[in-house]
Amino acid sequence: MRFIYFGLVISQSRVNWLSVRSKTFLSLIKSQPKMLYYDGQFDELQLKKERMSYAEIMQAVREEGIGSLDDVAVIVLETDGTLSIIDSPINNTGKQSSLSNLDIKEQE
């Protein structure tokens, strides 16, 4: 049993070491944040890819104390599986925008 534990610790250390030093390796083991809702529209393709339901999203919106999607600017599925809900007007043009690392597709 100790050998299994030791092997897991060594494996985790190697994965950590590689992920810090290699962007390619990091991209293989860690996903990118995904925008699920933007500018009043759900991204149906992302919802299907991430296996997210409307009920889960609405639950997260309620947990943030928001009563309507009309008050939501963006919903992002983070890399750790949590949902970030931004309820203020969007200003994503500056370098300091929290949306700067997301692929924002303009909806028609």
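The values are calculated or read from the model by the stated rules, or taken from the named source; none is laboratory data. Remember, predicted model here, so these are calculated numbers, not experimental data. So basically every Cβ, Gly included, is an ideal-geometry build from the backbone, and we count neighbours across all protein chains shown.
Might you let me know whether segment 50-67 holds any residue that is of a type in the set (Lys, Arg), in contact (Cβ under 8 Å) with a residue 24 or more places away in the chain and not in a helix (DSSP H, G or I)?
no
Could you check, for segment 39-57, whether at least one of its residues is out of contact with any Pro (no Cβ under 8 Å at 6 or more places or on another chain), at pLDDT below 90 and under 20 Å from residue 102 (Cα atoms)?
Scanning segment 39-57, I find at least one residue that is out of contact with any Pro (no Cβ under 8 Å at 6 or more places or on another chain), at pLDDT below 90 and under 20 Å from residue 102 (Cα atoms), so the answer is yes.
Of the residues 2, 51, which single one is more than 17 Å from residue 82 (Cα to Cα) and of a type in the set (Lys, Arg)?
Just one listed residue meets the conditions, 2.
Just one of 45, 8, 18, 26 is out of contact with any strand residue (DSSP E or B) (no Cβ under 6 Å at 6 or more places or on another chain), in the same structural domain as residue 82 (by TED's automatic domain parsing), free of Cβ contacts under 8 Å to residues at least 24 places away in the same chain and at negative phi; which is it?
45
Out of contact with any helix residue (DSSP H, G or I) (no Cβ under 7 Å at 6 or more places or on another chain) and either assigned to a helix (DSSP H, G or I) or modelled with pLDDT of 80 or more (or both), is that true of residue 4?
Yes, satisfied.
Any residue in segment 26-38 that is among the hydroxyl-bearing types (Ser, Thr, Tyr), exposed (fewer than 10 other Cβ atoms within 10 Å of the Cβ) and part of a helix (DSSP H, G or I)?
The answer is no; no qualifying residue exists.
Provide a single number: the residues in segment 62-102 that are surrounded by 12 or more Cβ atoms within 10 Å (Cβ to Cβ) and at pLDDT below 70.
Result for segment 62-102: 5.
When segment 10-33 is examined, which residues are found to be within 23 Å of residue 50 (Cα to Cα) and among the aromatic types (Phe, Trp, Tyr)?
Hit for segment 10-33 is 25, nothing else.
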